[in-house]
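Chemist: Take this structure, written in structure tokens, and hold onto it; I'll ask about it next.
The values are calculated or read from the model by the stated rules, or taken from the named source; none is laboratory data. Computed from a prediction, not measured in an experiment: that's the story for all the values here. Cβ atoms come from the backbone with ideal geometry, glycine included; neighbour counts cover every protein chain shown.
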Amino acid sequence: MGHRNLDLATAEEGCGDSALGRVRRAYATLDPGELLEVLTTVPEQAFAVRVWARRAGGDVVEESREQGRTRIVLRRLDR
Amino acid sequence: MTDYAHPEVLVNTEWLAGHLDHPGVRVLEVDWDPASAYELGHVPGAALVDWKRDINDTIRRDILSAEQFSALMRRLGVTPKTTLVLYGDMRNWFAAFAFWTFKIYGHEDVRLLNGGRRKWFEEGRAVTETTPSFIATDYRPEAANTSLRQFLPGVRDLIGRADHGLVDVRSPAEFTGQISAPPEYLNEGAQRSGHIPGAVNIPWAQAIQEDDTFKPAEQLRELYQSRGVTPDKSIVTYCRIGERSSHTWFVLTYLLGYPNVANYDGSWSEWGNSVGVPVEKAQAEVPQPVPA
């Protein structure tokens, strides 16, 4: 099963692009069953990923928070 | 917040939490991308202001007209006496832009949530998906204060004048001309890269702390004055589309009390695509450490 990573801290937020926008784009490239690991130190971003995944029908496989960094693993269920 | 020139324009999260039900306060979340922010959850009682739809004229490239501003205020149940508290996505950039436009149209009591949406969530405060509704009001704006805004011909006339300062708040890579816009922003590129001649590069984020709240006044004063951005000059701020520069416009105008600051919202997406205007490419003038 494929596994991709997206660290939201590595890209500077710019006008015209949101952190969740980057998650959505990465998620859209997944194959069914493939995992996307999202890392963020910003609670607002973690909240957005969590709520969006629920609404988009994605599966939050794992969520943990360690040393101020949240790790959310999403699995694409359909295509 | 008392060391700022106009501390009354900032509210902190604690103040907002205590005024959510205040009848004279209207909380507005100003988003570039509501689907990634407001629609997922927002401050209880906050109404959405969609930056692209509500703050811009969707036909001309322009800020909303006075009539559109009045219609927006009426729809949001706002009277000229209402206290507007703005916050939003993208680090409060678009909230700062809305603040700037609301000041152009003369709304008296506009405030910015210090730290914005990020800090509200960071502190684990209440959020909701419920959208409020309001009874429409009859709102008539003041005459537009055009001194808060600068256009391309005015900026061109400032080049080389010692009594004016240009502040480019974009990233060093944009300022030096390595890129005209990050590659993912297909609609914001320009024919040429670089900066307006004579501008100094002070990226917007240098004005905030790790939790997105503004730096203390003393640090802000040192930041700008050490780069020649002093209150005796007329200052123009710009970025790529005018929203990050609204943030710096807010800092200079309200936190430091500079008397003459205008935002050039045409910014690089206009200047870098225009015929007959000069462009400068150079290293970003970042302060160097003093040798021991």
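Chemist: Counting only residues that are of a type in the set (V, I, T), away from chain A (no Cβ under 11 Å) and either crowded, with 22+ Cβ neighbours inside 10 Å or touching a helix residue (DSSP H, G or I) at 6+ places or on another chain (Cβ under 9 Å) (or both), how many does region B:86-142 have?
Modeler: Summing the residues that are of a type in the set (V, I, T), away from chain A (no Cβ under 11 Å) and either crowded, with 22+ Cβ neighbours inside 10 Å or touching a helix residue (DSSP H, G or I) at 6+ places or on another chain (Cβ under 9 Å) (or both) in region B:86-142 gives 4.
Chemist: Still on this structure, please answer the following. Taking region B:174-184 as the search range and keeping residues that are more than 19 Å from the chain's Cα centre (by Cα) and closer than 12 Å to B:R240 by Cβ, which one is modelled with the highest pLDDT?
Modeler: Checking each candidate, the answer is B:I179.
Chemist: Any residue that is part of a loop (DSSP other than H, G, I, E, B), out of contact with any Lys or Arg (no Cβ under 9 Å at 6 or more places or on another chain) and within 13 Å of chain A (Cβ to nearest Cβ) - is there at least one of those in region B:185-195?
Modeler: yes
Chemist: A follow-up question, please. Which residues, taken from region B:34-44, are touching a residue at least 60 places away in the same chain (Cβ under 8 Å), within 13 Å of chain A (Cβ to nearest Cβ) and either of a type outside the set (D, E, K, R) or part of a helix (DSSP H, G or I) (or both)?
Modeler: Matches in region B:34-44: B:A37, B:L40, B:G41, B:H42, B:V43.
Chemist: Within region B:45-76, track down each residue that is part of a loop (DSSP other than H, G, I, E, B), more than 17 Å from the chain's Cα centre (by Cα) and surrounded by 16 or more Cβ atoms within 10 Å (Cβ to Cβ).
Modeler: Residues satisfying the conditions are B:G45, B:A46, B:L76.
Chemist: Sticking with this one: Filter region A:36-64 for residues that are among the acidic types (D, E), without any contact (Cβ under 8 Å) to a residue 24 or more places away in the chain and within 11 Å of A:R75 (Cα to Cα) and give the result. Spell out how you get there, then give the answer.
Modeler: Let us first name the residues in region A:36-64 that are among the acidic types (D, E), namely A:37, A:44, A:59, A:62-63.
Narrowing the set further to residues that are without any contact (Cβ under 8 Å) to a residue 24 or more places away in the chain leaves A:44, A:59, A:62-63.
Within region A:36-64, A:D59, A:E62 qualify.
Chemist: When you go through B:A71, B:A66 one by one, which is the residue that is more than 22 Å from B:L252 (Cβ to Cβ) and in contact (Cβ under 8 Å) with a residue 12 or more places away in the chain?
Modeler: Numbers: B:A71 fails: in contact (Cβ under 8 Å) with a residue 12 or more places away in the chain.
Result of the check over B:A71, B:A66: B:A66.
Chemist: Do we have any residue at all in region B:3-11 that's of a type in the set (D, E, K, R), farther than 16 Å from B:E129 by Cα and at pLDDT below 95?
Modeler: Yes, that holds for at least one residue.
Chemist: On the phi > 0 side of the Ramachandran plot and in contact with a His (Cβ under 8 Å, 6 or more places away or on another chain): is that true of B:G115 in this structure?
Modeler: no
Chemist: Quick one: which residue in B:D3, B:D31 is surrounded by fewer than 17 Cβ atoms within 10 Å (Cβ to Cβ) and touching a residue at least 60 places away in the same chain (Cβ under 8 Å)?
Modeler: Step by step, each of B:D3, B:D31 is checked, and only B:D3 is surrounded by fewer than 17 Cβ atoms within 10 Å (Cβ to Cβ) and touching a residue at least 60 places away in the same chain (Cβ under 8 Å).
Chemist: Inspect region B:186-201 for any residue being within 20 Å of the chain's Cα centre (by Cα), of a type outside the set (F, W, Y) and under 30 Å from B:T13 (Cβ atoms) and give the result as yes or no.
Modeler: no
Chemist: Hey, among the residues in region A:26-66 that are assigned to a strand (DSSP E or B) and among the β-branched types (V, I, T), which one's nearest to the other protein chains (Cβ to nearest Cβ)?
Modeler: A:T40
Chemist: What about B:L72, is it over 22 Å from B:R244 (Cα atoms) and touching a helix residue (DSSP H, G or I) at 6+ places or on another chain (Cβ under 8 Å)?
Modeler: Details: over 22 Å from B:R244 (Cα atoms): yes; touching a helix residue (DSSP H, G or I) at 6+ places or on another chain (Cβ under 8 Å): yes.
Spelling it out, B:L72 is indeed over 22 Å from B:R244 (Cα atoms) and touching a helix residue (DSSP H, G or I) at 6+ places or on another chain (Cβ under 8 Å).
Chemist: Restricting attention to region A:32-45, which residues are over 15 Å from A:V61 (Cβ atoms) and over 10 Å from the mean Cα position of the chain (by Cα)?
Modeler: Scanning region A:32-45 gives A:T41, A:V42, A:P43, A:E44.
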